[in-house]
1. Test A:Met114 against the criterion of being over 21 Å from A:Phe170 (Cβ atoms) and either open to solvent by less than 70 Å² (accessible area, probe 1.4 Å) or among the basic types (Lys, Arg) (or both), and give yes or no.
2. What single numbered condition from (1) out of contact with any Ser or Thr (no Cβ under 7 Å at 6 or more places or on another chain); (2) surrounded by 13 or more Cβ atoms within 10 Å (Cβ to Cβ); (3) farther than 30 Å from A:Thr80 by Cα; (4) more than 14 Å from chain B (Cβ to nearest Cβ) fails to hold for A:Gln207?
3. Which of the numbered conditions does B:Gln65 fail, given that it passes all the others? Conditions: (1) without any contact (Cβ under 8 Å) to a residue 40 or more places away in the chain; (2) in a helix (DSSP H, G or I); (3) within 9 Å of chain A (Cβ to nearest Cβ).
4. Scan B:Leu56, B:Leu36, B:Leu47, B:Leu105 and give me the residue that is within 12 Å of another protein chain (Cβ to nearest Cβ), crowded, with 20+ Cβ neighbours inside 10 Å and assigned to a helix (DSSP H, G or I).
5. Taking B:Lys167, is it away from every other protein chain (no Cβ under 14 Å) and either modelled with pLDDT of 95 or more or open to solvent by less than 40 Å² (accessible area, probe 1.4 Å) (or both)?
6. Checking B:Val85 against (1) open to solvent by 40 Å² or more (accessible area, probe 1.4 Å); (2) without any contact (Cβ under 8 Å) to a residue 60 or more places away in the chain; (3) more than 8 Å from every other protein chain (Cβ to nearest Cβ); (4) closer than 22 Å to A:Gly88 by Cβ, only one condition comes out false. Which one?
7. I'd like to verify a number: residues in segment B:11-24 that are open to solvent by less than 30 Å² (accessible area, probe 1.4 Å) and either modelled with pLDDT of 95 or more or part of a loop (DSSP other than H, G, I, E, B) (or both), how many?
8. Among the listed residues A:Leu137, A:Leu125, A:Leu91, which satisfies the condition of being within 30 Å of B:Tyr76 (Cβ to Cβ) and not β-branched (Val, Ile, Thr)?
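The values are calculated or read from the model by the stated rules, or taken from the named source; none is laboratory data. What you see is a predicted model; the values in this text were computed from it and never measured. Methodologically, a virtual Cβ is constructed for each residue, glycine included, from the backbone with ideal geometry; neighbour enumeration extends over all protein chains shown. Ligands, DNA and RNA are stripped out before the accessible areas are found, and what is left, the full protein with its side chains, is counted by its heavy atoms. Shrake-Rupley method; radii C 1.70, N 1.55, O 1.52, S 1.80 Å.
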Number of protein chains: 2
Amino acid sequence: QSIYEKLGKTTRTVDVEVDTQIEQLRETKRRYENMLALARSYANHFLSLMQTQRVLCDQFLELKQKSFLLCDEFHYNAETQRVLVRNGEILLNALHYFISTLNTLCTKTIEDTMTTIRLYEAARLEYDACRTEMELLSPGSQMNEKQDEFQKYKDKYEQLKCDVIIKLKFLDENQTKVMKKQLLLFHNAIAAYFSGNKEALDATMKQFNLKVNS
Amino acid sequence: QSIYEKLGKTTRTVDVEVDTQIEQLRETKRRYENMLALARSYANHFLSLMQTQRVLCDQFLELKQKSFLLCDEFHYNAETQRVLVRNGEILLNALHYFISTLNTLCTKTIEDTMTTIRLYEAARLEYDACRTEMELLSPGSQMNEKQDEFQKYKDKYEQLKCDVIIKLKFLDENQTKVMKKQLLLFHNAIAAYFSGNKEALDATMKQFNLKVNS
């Protein structure tokens, strides 16, 4: 049936509304996976920067001990890097929470609906194959038997379409809720960190029930 | 002479004060080279983070177009990353200036004094070798000739010691001045960037006559 469809030699059952929603979900998943990959590389580069800040802080402290004339300069530089590392650890926790939640959304929540969609698409194929066969059957011959089979495939298809519609609806509500929260966390934690606002950073972590220390 | 010294079979001329200063300079050079390497990896990690911020900003903008319900969330996230990239470019210019100046200090300014030190050390070795030979000479034999040679090596050694002392003094003043300025720049640019203070960042760039755009 699949090959006949590709060759345009048969008709396929199409539910424009459901199929459009499925296409949109695939698109959303692709975009979220992209965002997840970016968030991961964000956290990685940020961690590398933090590690350099930590070593640089130690280096400044060592130089402070050795250079009498530049003692102050090395001191305030060490202090600044130390604060950046301390706040950076908090931001990193927020980034990891964002990544972990987005990962669950992509690999579990959306994937669960995707599985139902794949079953629905397989059922649609079986249903259309049976329908095509029946159309090609000479009248009278085994018609009743085929009719029962056809009804079975039709019921299965309708049932799965129903499942998909329900899952899509719940997923849409759920993913919007999750993303709304996560995007707020991502923004607030980053905005607080990059404005040097430790209080706002702590408040954000508290708001999202996140531990400040890993 | 060098081998005899290592075996402890001969004496060497030592100027404690100059030799201590030379040792300190070697130590300072080692530490500055270390700091330079750290500053380079700082700038590299920061650049990687900025590149991710730039792509993430575009991704947020794309998602903003596609997600009606999360339009606001994607908008303010894109905006924040955009500002971070814009300010990050300024900070990166400051970091590059710090790195370039530190590089000149290590590979040119300090190295120039190091070259004189190496000449001084070679002259000290020749001078001590000649002195040892003279001490082993039987009295009377070629003494006058050797005496002249000895005086020549002694003069060369004294002259180079004098050069080293002067160079060390100027280098010390110069490197303190350069580092004082650079450490202030490094601190102020980083402090301004990580407190989200665009005005302070611009003011720092102006103070050090640096271009805001590369």
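1. Details: over 21 Å from A:Phe170 (Cβ atoms): no; either open to solvent by less than 70 Å² (accessible area, probe 1.4 Å) or among the basic types (Lys, Arg) (or both): yes.
Criteria not met by A:Met114.
2. Every listed condition holds for A:Gln207 apart from (3).
3. Condition not satisfied by B:Gln65: (3).
4. Criteria check complete, one pass: B:Leu56.
5. Spelling it out, B:Lys167 is indeed away from every other protein chain (no Cβ under 14 Å) and either modelled with pLDDT of 95 or more or open to solvent by less than 40 Å² (accessible area, probe 1.4 Å) (or both).
6. With (1) open to solvent by 40 Å² or more (accessible area, probe 1.4 Å); (2) without any contact (Cβ under 8 Å) to a residue 60 or more places away in the chain; (3) more than 8 Å from every other protein chain (Cβ to nearest Cβ); (4) closer than 22 Å to A:Gly88 by Cβ applied to B:Val85, the lone miss is (1).
7. Of the residues in segment B:11-24, 1 are open to solvent by less than 30 Å² (accessible area, probe 1.4 Å) and either modelled with pLDDT of 95 or more or part of a loop (DSSP other than H, G, I, E, B) (or both).
8. Values: A:Leu137 fails: within 30 Å of B:Tyr76 (Cβ to Cβ); A:Leu125 fails: within 30 Å of B:Tyr76 (Cβ to Cβ).
The conditions single out A:Leu91.
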